[in-house]
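**Student:** Below is one structure. I have some questions about it.
Nothing in this text is a laboratory measurement; each read-out follows from the coordinates by a stated rule. Just so it is clear, the structure is predicted and the values come from calculations on it, not from any experiment. Quick reminder, even Gly has a Cβ in these numbers, built from the backbone with ideal geometry, and neighbours come from all protein chains shown.
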Number of protein chains: 2
Amino acid sequence: MKILVTSGGTSEAIDSVRSITNHSTGRLGKIITETLLASGHEVCLITTNRALKPEPHPHLTIREIKNTHDLLLEMKERVSNYQVLIHSMAVSDYTPVYMTGLAEVEASSNLEEFLNKHNHQAKISSNDEVQILFLKKTPKIISLVKEWNPAIHLIGFKLLVDVSEDYLIEIARQSLIKNQADLIIANDLTQISANQHRAIFVEREQLQTVQTKEEIASLLLEKIQAYDS
Amino acid sequence: MKILVTSGGTSEAIDSVRSITNHSTGRLGKIITETLLASGHEVCLITTNRALKPEPHPHLTIREIKNTHDLLLEMKERVSNYQVLIHSMAVSDYTPVYMTGLAEVEASSNLEEFLNKHNHQAKISSNDEVQILFLKKTPKIISLVKEWNPAIHLIGFKLLVDVSEDYLIEIARQSLIKNQADLIIANDLTQISANQHRAIFVEREQLQTVQTKEEIASLLLEKIQAYDS
């Protein structure tokens, strides 16, 4: 099958030297991609410069992006050509709009005005003792996928931090329904380490739990093979 | 000689999944370290997980840090044991204190109160359309080096973006005097690319310009050899 995988974490520039980065090594996306390639699938991996990447392979295309805006354009262009999307990238929820010192914000009677401002310096000066950064929400790319390709099998991820398993499953199920996904893989950062990656596969009628990145990749492969039959 | 090199860029956590990162590949620090090792010097390289690193070498120690606070502790402990410091790390000027939605900030009559708040969630929720992040200045580590070791030869860097050469030299000279440095290497991001790295060596009595990372490393080596004689 033709499978689109996203992996790594986006970075949103504050200025030309500083960014807000979502942590993600890309290790899971690498293992998933390698597992799919080994089973004869064709993979396009959308990832970032900093992420770990698989070795070159004749059935692998790699596209690098930096921020949420790049990712949206890249996915919008590609999603219609693929049968499955595995969207494991850690995508920034917010992107910087404007950064300024305390004085300018204190002098304002309407904070929303800062959402229309832009920094003119390439590197924001560091003279102020305090800086205030205004951020706005990025588009939820996962919610657009089915508009771009209603037939695609959509597999998403939900990462929370230090929550109960019931809550994690509940939030994953909401994402499953809202985004018309086939599967949401739910995980908690406190259960991810070098040798462990506990994850719950949340589908409409089923829950399955695995414990490592390799197990995530092989259960994913099994799910995808079933879509094909 | 015993030389301490810093390299890469610090990351300041906003929460457990997001950080503010200073861009730096660590490539220059790697080349400088390799050049020093090849000439028989002993190097301790303080760098980050993400930065490019030299191959292991019997005269090389590598210490990894994440943020400005770690860097300060690590340098405070080590600076007194070295004869030269080459401080090429891109250090965050600001560190996040508190992030919240527009409503909480609009309701406040004193913005400074947010500098004493802390986020209690491990991962800040992304329900708000807008977030406001309060940041405070980090300690200027380079200004503390001579307090920790008055005899050390201090070599700093000054990176600006798209400024005139005169202004770049002026700012580097201010840093030279203020931090009691032997040398500030001034560079402009617009003049750094894969094959080029224009840099101006600013000393009390002298200015010298080089064009590549390799030239930076070899002129640095020359300066350091002179300190020894």
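**Student:** Determine ³J(HN,Hα), in whole Hz, for all residues of segment A:130-145 in sequence, where each value follows from phi through the Karplus function 6.51 cos²θ - 1.76 cosθ + 1.60 and θ = phi - 60°; x replaces Gly and Pro.
**Tutor:** Coupling constants for segment A:130-145: 10, 10, 10, 10, 9, 10, 10, 5, 8, x, 7, 4, 4, 6, 9, 4 Hz.
**Student:** Suppose a student asked you for the relative contact order of chain A, using Cα pairs under 8 Å spaced at least 6 residues apart; what percent would you report? Intermediate values should be presented prior to the final figure.
**Tutor:** Numbers: 444 pairs, mean separation 43.0, N = 229.
Here the relative contact order equals 19 percent.
**Student:** Where the only charges are on Cβ atoms (+1 Lys, Arg; -1 Asp, Glu), what is the dipole of the protein assembly as shown about its Cα centre, to the nearest 20 debye?
**Tutor:** Numbers: 46 positive and 58 negative charges, 132 e Å.
So the dipole magnitude of the protein assembly as shown works out to roughly 640 debye.
**Student:** What FRET efficiency would be calculated for the residue pair A:N127, A:E214, taking the C-beta separation as r and a Förster radius of 56 Å, to the nearest 0.05?
**Tutor:** Working: r = 50 Å, r/R0 = 0.90.
Efficiency computed from Cβ-Cβ geometry: 0.65.
**Student:** A further question follows. Could you work out, residue by residue across A:10-17, how many beta carbons of other chains sit within 10 Å of that residue's beta carbon, and then give the average as an integer?
**Tutor:** Numbers: counts 0, 3, 1, 1, 5, 2, 6, 12.
For peptide A:10-17, the averaged partner shielding equals 4.
**Student:** Based on the Cβ-Cβ distance of B:K2 and B:I171, what FRET efficiency does E = 1/(1 + (r/R0)^6) give at R0 = 25 Å, to the nearest 0.05? List each step's numbers first, then the result.
**Tutor:** Details: r = 30 Å, r/R0 = 1.19.
Rounded to the nearest 0.05, the efficiency is 0.25.
**Student:** Compute, for chain A, the length of the dipole vector about the Cα centre, with Cβ point charges of +1 (Lys, Arg) and -1 (Asp, Glu) only. Units Debye, rounded to 20.
**Tutor:** Working: 23 positive and 29 negative charges, 101 e Å.
Using Cβ point charges on Lys, Arg, Asp and Glu, chain A gives about 480 debye.
**Student:** Something else: Relative to the other copies, what are the label-point distances for B:E129, with labels 7 Å from Cα along the C-beta vector, expressed in nm at one decimal and sorted shortest first?
**Tutor:** 3.4
**Student:** Angle between the Cα long axis of helix B:213-228 and the longest principal axis of chain B, 0 to 90 degrees, nearest 10?
**Tutor:** Long axis of B:213-228 versus the principal axis of chain B: about 60 degrees.
**Student:** Normalised by the residues of segment A:101-185, what does the relative contact order come to in percent, with Cα pairs under 8 Å and at least six apart?
**Tutor:** Details: 57 pairs, mean separation 22.5, N = 85.
So the answer I get is 27 percent.
**Student:** Provide the net charge surrounding B:L189, with neighbours chosen by a C-beta distance below 11 Å and charges set as Lys +1, Arg +1, Asp -1, Glu -1. Can you show the working numbers first?
**Tutor:** Values: positive: A:K123, B:R198; negative: A:D15, B:D162, B:D188.
Residues close to B:L189 contribute a combined charge of -1.
**Student:** Of all beta bridges DSSP finds with both residues in segment B:82-229, what is the antiparallel percent, to the nearest 5? Could you put the intermediate results ahead of the total?
**Tutor:** Working: 15 of 25 bridges.
If I count the DSSP bridges inside segment B:82-229, around 60 percent turn out antiparallel.
**Student:** Now a separate question. Mind listing the label-point distances from A:K146 to the same position on all other copies, shortest first, one decimal in nm, points 7 Å along Cα→Cβ?
**Tutor:** Nearest to farthest, the other copies are at 6.5 nm.
**Student:** Can you list the distances in nanometres, one decimal and ascending, from the A:A107 label point to the identical position in each other copy, with the point 7 Å along Cα to Cβ?
**Tutor:** With the label placed 7 Å along Cα→Cβ, A:A107 yields 2.8 nm.
**Student:** Taking +1 at the Cβ of each Lys and Arg and -1 at the Cβ of each Asp and Glu, which of A:F114, B:A122, A:M75 sits farthest along the dipole of the protein assembly as shown towards its positive end, judged by Cα position relative to the Cα centre?
**Tutor:** Value computed over the given set: A:M75.
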